[in-house]
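> Take this structure, written in structure tokens, and hold onto it; I'll ask about it next.
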């Protein structure tokens with residue numbers, strides 16, 4: 001297993017890696033809307049928040065010379081299902097068919113009081 005780190009994605013806020021690679025599988029930890037430069041949470045609105053989360057995932061994959069189309073599975077965690085439509089709209093802009101498998105789950109709270117967290121599994125050489 002190899003740790004993956006991108007300076008263009010936020011540093012982990014706990015004892016975990018941004019991502020790990022095992023063989024050709026990449027496991028990306030849940031990403032929240034932390035700006036990698038300012039280290040600030042950007043949760044002013046769900047559209048911007050989701051876009052930053054997806055860009056953080058994209059930056060981690062780019063570190064491996066992979067792209068969003070190598071993702072086979074995502075897990076989306078929302079603070080409230082009222083965000084589902086907007087998150088789905090932004091999320092969909094990052095993929096082409098066949099879309100990754102996924103689930104979307106509403107949870108009571110997310111780290112740093114964000115509204116969306118997304119993790120991903122990709123297959124990339």
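Just so it is clear, none of the values below were taken in a lab; they were calculated from the coordinates. Just so it is clear, the structure is predicted and the values come from calculations on it, not from any experiment.
> Counting helices only, and only those DSSP H runs with n ≥ 4, report the 222 nm mean residue ellipticity of the chain as the sum of -39,500 (n - 2.57) divided by its residues, in deg cm²/dmol to the nearest 500.
-7000 deg cm²/dmol
> How much length is gained on full extension from residue 93 to residue 107, taking 0.36 nm per residue of separation minus their Cα-Cα distance?
Gain in length upon complete extension: 2.6 nm.
> Still on this structure: Taking the Cα centre of each part, how many Å lie between segment 79-97 and segment 1-50?
18 Å
> If you don't mind, there's one more thing I want to ask. Percent antiparallel among DSSP beta bridges with both residues in segment 2-123, to the nearest 5?
75 percent
> What would the Debye formula give as log10 I(q)/I(0) at q = 0.30 Å⁻¹ for the alpha-carbon point model of segment 20-65, no solvent?
So the normalised log intensities are -1.10.
> Can you give the log10 of the normalised intensity I(q)/I(0) at q = 0.21 Å⁻¹, computed with Debye over equal Cα scatterers of the chain?
-1.26
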